[in-house]
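Here the structure is laid out as structure tokens; the discussion comes afterwards.
The values are calculated or read from the model by the stated rules, or taken from the named source; none is laboratory data. Everything quoted here is computed from the prediction, not taken from an experiment. Please note: Cβ atoms are built from the backbone with ideal geometry, for glycine as well, and neighbour counts cover all protein chains shown.
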Amino acid sequence: MANIKDIAKLAGVSVTTVSRVINGHPYVSTLKKEAVQRAMEMENYERNINAVHLSKGKTNLIGVVVPSIRRPYFGMVVEGIADEAIKDNYKLVLIQTNYEVEREMDALMMLKLKQIDALIICSKTSGWDVVEEYIQYGPIIILEDARGTKLSSIFIDHYQIFSNALAYLRSKGHHKIGYCLARRSSPNSARREAAYRDFYTNLQEDYDPNYIFYDCVHLEDGEWIMQRIVGMEDPPTALLVTSDQVAAGILTYCQENNIRVPEDLAIVGFDNQPIAKVLHITTFEIPIVEIGRKLFLKAIDGSHSHEEIPIHLIERLTV
């Protein structure tokens, strides 16, 4: 395969001139530019994009870590990142980890090896200390509260939002409130659980641990959640569901089994995804696509900062 020196010799110009033509430098005469282009066509020459990136110190690639693209939440985050990236001529490298540490480390190594310009982590398993080791190689932005670390973040105050949701249901007369979470081990789930415990502690009331459901991710999970509730002697009268998809599955089961919503069971979702609008589910609106845009802009900005995203209650028909 021909190299840049071969092209220069064939075109009768210097290596510097060939380099200028390849990289779109404006100060090259038309005759020399045409000679270089003819030589490249004759030799079927393709520039070494890795070498170009190395010379520029920039790849125009942003790494995006997601646990799963099947979950609509992360799909909408990536949509926001992609919408903003295309405006600035960036491309995305999507790394699906399934919450496997080894895959997260692969993403971090891509940053270290300069294969990407920055890394956006939408959800992680690795500890803060592990991730912080890699900020010397480029910007890392986390979709999680990273205050107190050297990392930048866009985050939601899950403790406060969960507290607000519990207070809202209490104001509607509900005392037996349950909740449905996705990953039990995540920091966000831990903050929600803390809000739940503190809420009942402050009221000096006990809560039933049977009202707590984990691994609630997909629409079809609504069925087994409701099957458990139906089998209880003293079921909850309201559920906080941290995914509109799962909330929709719960509502569908109720409609198919003559369980009245909200009379028998009130449902509050999170995110305000399209399915919540269609099914008229009361939910806390999280501007997911906008969060994605903010993550991208923070990634290319490179400065160390944290931004909390405000959340709003959308009242519909399930409470």
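Among the numbered conditions (1) over 30 Å from SER243 (Cβ atoms); (2) modelled with pLDDT of 90 or more, tell me where LEU108 comes up short.
(1)
Give just the number: which of (1) among the polar types (S, T, N, Q); (2) part of a loop (DSSP other than H, G, I, E, B); (3) not assigned by TED's automatic domain parsing to the domain that holds VAL78 does SER163 not satisfy?
Failed condition: (2).
State whether one or more residues within region 114-130 are closer than 27 Å to ASP157 by Cα, part of a loop (DSSP other than H, G, I, E, B) and free of Cβ contacts under 8 Å to residues at least 24 places away in the same chain.
Yes - at least one qualifying residue is present in region 114-130.
Go through (1) at pLDDT 95 or above; (2) in a helix (DSSP H, G or I); (3) in contact with a helix residue (DSSP H, G or I) (Cβ under 7 Å, 6 or more places away or on another chain) for TYR73 and report which single condition fails.
For TYR73, the failing item is (1).
May I ask you to say which residue of GLN255, GLN273 is surrounded by fewer than 19 Cβ atoms within 10 Å (Cβ to Cβ) and out of contact with any Cys (no Cβ under 7 Å at 6 or more places or on another chain)?
Working: GLN273 fails: surrounded by fewer than 19 Cβ atoms within 10 Å (Cβ to Cβ).
None of the others qualify; the one that does is GLN255.
Suppose we filter GLU84, GLU104, GLU79 for residues that are farther than 27 Å from LEU181 by Cα and assigned to a helix (DSSP H, G or I); which single one remains? So that I can check it myself, show each step before the final result.
Values: GLU104 fails: farther than 27 Å from LEU181 by Cα; GLU79 fails: farther than 27 Å from LEU181 by Cα.
Among GLU84, GLU104, GLU79, only GLU84 is farther than 27 Å from LEU181 by Cα and assigned to a helix (DSSP H, G or I).
In region 80-113, which residues are surrounded by 14 or more Cβ atoms within 10 Å (Cβ to Cβ) and touching a residue at least 60 places away in the same chain (Cβ under 8 Å)?
Once the filter is applied, which keeps residues that are surrounded by 14 or more Cβ atoms within 10 Å (Cβ to Cβ) and touching a residue at least 60 places away in the same chain (Cβ under 8 Å), region 80-113 yields GLY80, ILE81, ALA82, ASP83, GLU84, ALA85, TYR90, TYR99.
I'd like the full set of residues that are more than 16 Å from THR149 (Cβ to Cβ) and β-branched (Val, Ile, Thr), limited to region 108-124.
ILE116
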